[in-house]
1. Mind checking Rg over Rh on region 178-224, alpha carbons, Kirkwood formula for Rh?
2. Under 5 Å between amide H atoms, partner at least 5 residues away or on a different chain: which partners does ARG30 have, H built in plane at 1.01 Å?
3. Convex hull over the Cα atoms of the chain, averaged projected area in nm²?
4. Give me Rg over Rh for region 176-329, both radii from the alpha carbons and Rh done the Kirkwood way, two decimal places.
5. Between their Cα atoms, which of LYS80/LYS334; LYS60/LYS112; LYS80/LYS160; LYS44/LYS155 are more than 27 Å away from each other?
6. Ratio of alpha-carbon Rg to the 2.2 N^0.38 Å globular estimate for region 111-165, to two decimals, please.
7. Dividing the Cα radius of gyration by the Kirkwood radius, what Rg/Rh value follows for region 68-211?
8. Against the globular-protein guess of 2.2 N^0.38 Å, express the Cα radius of gyration of region 81-122 as a ratio, rounded to two decimals.
Amino acid sequence: MSVQQALITGACGEIGQALAQELTRRGGHRIVTSDLAPLPDSIKGLVAEHVQGDLLFQAKVFYDYDFDVIFHLAASLSSKAEQAPEAAHRINVDGTMQLLAMAAYRSEKYNKRVKFLFPSSIAVYGLPSLEAKQNAEAVKENEWNDPRTMYGCNKLYCEKLGGYYGGFYGQKHLNDNPPAMLDFRALRFPGLVSAATMPSGGTSDYGPEMLHAAAKGEAYACFVRADARLPFMAMPDAIQSILDLTDAPRESLTANVYNVGAFSLSAEEFRQRTLRAFPQAQISFAPNPQRQGIVDSWPADVDDSRARRDWNWSPRYDADGFFDDYFLPKMREKYG
Ligand code: SER
């Protein structure tokens, strides 16, 4: 099998580190990374080349690289983006468009569809009220696409941009001999929880923050109400879903964008399960109105039947499995 040339942007983030490790474990990839920061030790030895700096200025460098697959993970997450919305737009939208244009150019010029994997988010959904959220079933991809955050607007728009560059760029699909276009595939992730790393800048971060604080014996004040409910997923399942979607034959995909879910918990259920594992944990609630408002607008659960049908998506960890088979054993390894 020939070696696949892979680019991971935002490689220093949680998904980036876990993805670089899993690609290395599977073998067959030459990994190039980019990020504002230098590579952490966890992946330094796994990467052939690291391009450090602002993606908006670095993207042009990548016109000279022959990537088979691009995992574009660099982003300013939902809570951070509300602190500096225009800066977030620049990173989330302008940065994505630069890379899409590069991948589209290379696909056409070399007549090879570059795969472009894009992590989107439950932030693309916007439920207008808590009542609407409580009454909504698990949301489907085309429902409630009315985001209330800059991050959600950015992700939704970039899904559309990906569809454009992958199908209609310059209306060349109507040519007699249409050129190869990039192969865009997006996943809408719930809150992700890793046992190895901590999130930063997101609004679903209270889940992992609560757990890691308990494991370290630190008190934690949760920034949303006890009844706040979101879908969550273990990081290994997120990586599995990215790679399953990457490997799926294009003919089996009926869409560019897929929900993926695993389990849904309220903050109180998170706390109860955390207490069961760490009986000494001190967890209180101190809701932050802005972050609470964001969580109230996100769905409690997602319908991922499209992913299950098209590419056999199935998470390994439900709520019990997440705690018993993933998070707690990893914490015991780490902290004893
Ligand atoms: N975890 C992300 C956030 O909270 C959602 O995609 O911003």
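All of the numbers you see were taken from the coordinates with simple rules; none came from a lab. Source: prediction; values computed, not measured.
1. That ratio is 1.29, to two decimals.
2. Those qualifying (amide H under 5 Å, at least 5 residues apart or on another chain) are GLN4, GLN5, ALA6.
3. Values: hull surface 67.4 nm².
So the mean shadow area of the Cα hull is 16.9 nm².
4. Numbers: Rg = 17.5 Å, Rh = 16.7 Å.
Radius of gyration over Kirkwood radius for region 176-329 works out to 1.05.
5. Exceeds cut-off: LYS80/LYS334; LYS44/LYS155.
6. On the way: Rg = 13.7 Å, N = 55, 2.2 N^0.38 = 10.1 Å.
Compactness ratio reported: 1.36.
7. Ratio of gyration radius to Kirkwood radius for region 68-211: 1.03.
8. 1.46
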